[in-house]
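Visitor: The structure that follows is given in the form of structure tokens.
The values are calculated or read from the model by the stated rules, or taken from the named source; none is laboratory data. For clarity, every value in this text was computed on a predicted model and none was experimentally measured. Note that we place each Cβ from the backbone using ideal geometry, even for glycine, and neighbour counts take in every protein chain shown. Heavy atoms of the whole protein, side chains included, go into the accessibility calculation; ligands, DNA and RNA do not. Shrake-Rupley method; radii C 1.70, N 1.55, O 1.52, S 1.80 Å.
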Amino acid sequence: MTHAAPLPPQVVESVSTPERVETHLGALEFPLGYPTDETADLLYGHLDHLHAVRGFLDAYSGVNLWAARRGLADLGVQDHDVLLFSEFMDAKALVLTGNADTVYFITFLDLTEGPLVVEMPPLTLSFVNDLWFRYVADPGMPGPDRGTGGAYLFVPPGYDGPLPEGGYFTHRVRTTRLILAGRAFLEDGDPAPVAQRVRERLRIHRYVPGLYGTSVAEIVTAAPPRRCRGPATPGRPRCARPTRRASSKRPGCP
């Protein structure tokens, strides 16, 4: 009968729990490979700390956007109102990465009442993120409209109603509120015509099933469209909430 050769001491040591480990938490004791009560408490406390740090970091972006939305509301800028920096920013504007030679605009979108349409002005560089700062779309020059302007349809989570067959850049999102922010560049060094174009062309309104982008077959077979108030033209219905137009604020506003 043959016997297995004894394991080298270095192998045994590599798979064994040391009785004492020096760490930044202090000395951890493992007599006979089992942690003492003090060591277990120290390690569980450290895990609690790590979970708290991760919870803070994971929630940071959501808290940041919610605070920004609340700050605009405190200034009287509600969801679908557009804060437009129609003049140049200066050192009084508390914006982290703002430029002093660009026209900016920002708004928050509310999808709690259903899908929402945003008609973008041409020649903008914009983004739409959800309330966790997750990417949704890049309207404007980097997006599918290529800076020519276009209608973007944002569909809230859980929505299972009818949607148009065409005519919109459609995005299903994961939160009921979104942030839309963008910039437009100067014309001959003048911000005025750019700001005016944003005022005239940026439109936000509810999507109404059965209107623009929907075939007759879809109207017949799908659920009836939501009741509207007053006449509507294709793509620009007048429903529960009116279209909001861009409003100007001086650059001193946050």
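Visitor: Scan region 80-102 and give yes if some residue there is at pLDDT 95 or above and on the phi > 0 side of the Ramachandran plot, otherwise no.
Guide: Looking through region 80-102, at least one residue is at pLDDT 95 or above and on the phi > 0 side of the Ramachandran plot.
Visitor: Does ALA40 satisfy the criteria of being part of a helix (DSSP H, G or I), open to solvent by less than 60 Å² (accessible area, probe 1.4 Å) and over 30 Å from TRP132 (Cβ atoms)?
Guide: yes
Visitor: Inside region 177-215, can you point out the residues that are part of a loop (DSSP other than H, G, I, E, B) and in contact with a strand residue (DSSP E or B) (Cβ under 7 Å, 6 or more places away or on another chain)?
Guide: Selection gives PRO191, LEU202, TYR207.
Visitor: Sticking with this structure for a sec: Restrict the check to region 175-196 and report whether at least one residue is surrounded by fewer than 19 Cβ atoms within 10 Å (Cβ to Cβ), under 17 Å from the mean Cα position of the chain (by Cα) and more than 19 Å from ILE106 (Cβ to Cβ).
Guide: Scanning region 175-196, I find no residue that is surrounded by fewer than 19 Cβ atoms within 10 Å (Cβ to Cβ), under 17 Å from the mean Cα position of the chain (by Cα) and more than 19 Å from ILE106 (Cβ to Cβ), so the answer is no.
Visitor: So how many residues does region 89-105 have that are open to solvent by 80 Å² or more (accessible area, probe 1.4 Å) and of a type in the set (A, V, I, L, M, F, W, C)?
Guide: Residues flagged as open to solvent by 80 Å² or more (accessible area, probe 1.4 Å) and of a type in the set (A, V, I, L, M, F, W, C) within region 89-105 amount to 3.
Visitor: Regarding PHE56, is this residue of a type in the set (Phe, Trp, Tyr) and loosely packed, with under 12 Cβ neighbours inside 10 Å?
Guide: yes
Visitor: Of PHE85, PHE108, which residue is crowded, with 19+ Cβ neighbours inside 10 Å and under 16 Å from LEU178 (Cα atoms)?
Guide: PHE108
Visitor: Another one. With LEU50, LEU7 as the choices, which residue is closer than 30 Å to ASP130 by Cα and either exposed (fewer than 10 other Cβ atoms within 10 Å of the Cβ) or aliphatic (A, V, I, L, M) (or both)?
Guide: Checking each option against the conditions leaves just LEU50.
Visitor: Right, here's the next one. What number of residues within region 26-37 are surrounded by 13 or more Cβ atoms within 10 Å (Cβ to Cβ) and under 44 Å from the mean Cα position of the chain (by Cα)?
Guide: Counting residues in region 26-37 that are surrounded by 13 or more Cβ atoms within 10 Å (Cβ to Cβ) and under 44 Å from the mean Cα position of the chain (by Cα) gives 1.
Visitor: Considering every residue within region 21-31, establish whether at least one is out of contact with any Cys (no Cβ under 7 Å at 6 or more places or on another chain), on the phi > 0 side of the Ramachandran plot and small (Gly, Ala, Ser).
Guide: Yes, that holds for at least one residue.
Visitor: What tally of residues in region 129-160 results from selecting those that are open to solvent by 10 Å² or more (accessible area, probe 1.4 Å) and assigned to a strand (DSSP E or B)?
Guide: Here the count works out to 5.
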